[in-house]
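Heads up, the thing below is written out as structure tokens.
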Amino acid sequence: MRSDLMEKFDAIIIGFGKAGKTLAGFLAKKNWKVALIEKDAAMYGGTCINIACIPTKTIRHDALNGKPYTDSIERKTNVVEKLRDNNFNNLNNLDQVTVFNGFASFVKDHVLAVELEDKTIEITSDHIFINTGSQTAVPPIEGVDLPGVYTSTTLLDEQQLPKSLAIIGGGYIGLEYASIYRRFGAIVTVIVSGESVLLHEDEEIREAAIKEMQNQGIQFVNNAHAEKIEEGLIVHCSNGEKVEAEAVLIATGRKPNIKKLGLENTSIEVKDGAIVVDEHLQTTVPNTFALGDVRGDFQFTYTSLDDFRIVKSKLFEEGSYTSASRGEVPYSLFIDPPFARIGLTMKQAQEKGLSVLEGKVDLKTHPYNHVTDDLRGLFKVVVNAENKQILGASLFGAQSPELVNMIKLAMDAKVPFTHLRDQVYTHPTMSEVFNNLFDVK
């Protein structure tokens, strides 16, 4: 049943992700009449809260602290439900925001059909924001639909720990799950299409991380593509190896979620499966924007939040802040110990013809690591020898996801590396490692 009444909003936001929910709250404070459409009530708050960062880091925390798997899954579910409800209520309680639980698709530019439970309505706005996120990219492998084959989303709902886990894909999702499930006690094998994992990282850091994962019992099958999953969950690899496991995880990346959005009914350009945007995140349709994973760039909740800032700047601040203003984007890999990275490696800086110096600290020489009885890890930084600017950092070790943010701040503020080298830090702490790390040679 389709309603003939078309309601007009000041803004329509498709998707309840980080950028979308933040934008909705902000526009409501500006007295905009906002429609926020989410097709799945289990996704209020977006990917991070419901099926990615928050649940995986919750069970990682529990695994590292010895909590049983079933107890951890129960706690994870409670954490997610609490945060999801908070996100929904924060917006649903606003007079200026109408939350539609339904599926949105474009009828034409600036007009959307929303399939609700009992009817389909059409709504319109001069300002539309697409924040539909991403979905698992499942390769066309025979057997991916067998019982016991999971995605990163569905494995989190499994109540019993598999005794063995084969992971197809050696990217960041695959490695994090490998680390978590190995810590819980599963036998873990990672099937890697390339010659190794972490190929874009500093070679010395990569070797240290791989060695640590292998010491923990994680097995790697390199230079192999999964060609078929046989009944009984036997993964046949292109190099002739067979990996048998109690569960199989498909961890071959994620892709922008644009399926059935009806973009073909609009003038919105799509390239390589992602929505094309300019530096203000505006699509090829005026005042229609794409934010977060759907535009095919960084798939981080914190860059999605920054997308909100870019759009806010375009709408209210003459567009002074753009995607080019963001600077270097840090990222973290939550293996054990974690790895964090920003900017260039030494090799990359040299390939650009820069005059560089490198700092390096083996964490077994750092006092705080002796306090915590965790001597694992290696930190490296690269600086410009001529202007003293920080070019990059690769941090494999405890608290690296926190420390990299301090380096990001220094890089954006163009603080010379000597300021971090000569700073007064409390003791004993991880941050005081900068005194030695930035004593470059």
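Here are the numbers:
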| item | result |
| --- | --- |
| Cut-off 14 Å, label 7 Å out along Cα→Cβ of Leu146, residues of the range 247-261 by amide N | 247-250 |
| For Ile54, Ile191, order by how many other beta-carbon atoms lie within 10 Å, fewest first | Ile54, Ile191 |
| Surface/4 estimate of mean projected area, convex hull on alpha-carbon atoms of the range 149-252, nm² | 6.1 nm² |
| Fewest-first ranking of Leu83, Leu198, Leu291, using other Cβ atoms within 10 Å as the exposure measure | Leu83, Leu198, Leu291 |
| For the chain, alpha-carbon Rg over 2.2 N^0.38 Å | 1.05 |
| Pairs beyond 24 Å (Cα-Cα), from Lys30/Lys255; Lys57/Lys163; Lys21/Lys255; Lys364/Lys414; Lys21/Lys259; Lys21/Lys67 | Lys30/Lys255; Lys364/Lys414; Lys21/Lys67 |
| Arg182, Arg75, Arg341 arranged by Cβ crowding within 10 Å, fewest neighbours leading | Arg75, Arg182, Arg341 |
| Gain in span if fully extended, Thr418 to Arg326, counting 0.36 nm per residue against the direct Cα distance | 30.8 nm |
| Residue with peak Gaussian network fluctuation, the chain [Cα springs, cutoff 10 Å], from Phe298, Phe16, Phe334 | Phe298 |
| Cα centroid of the range 240-292 to Cα centroid of the range 331-352, whole Å | 25 Å |
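All of the numbers you see were taken from the coordinates with simple rules; none came from a lab. Fair warning: this is a prediction, and the values are worked out from it, not measured in the lab. Note: ideal-geometry Cβ built from the backbone for every residue, glycine included; neighbour counts use all protein chains shown.
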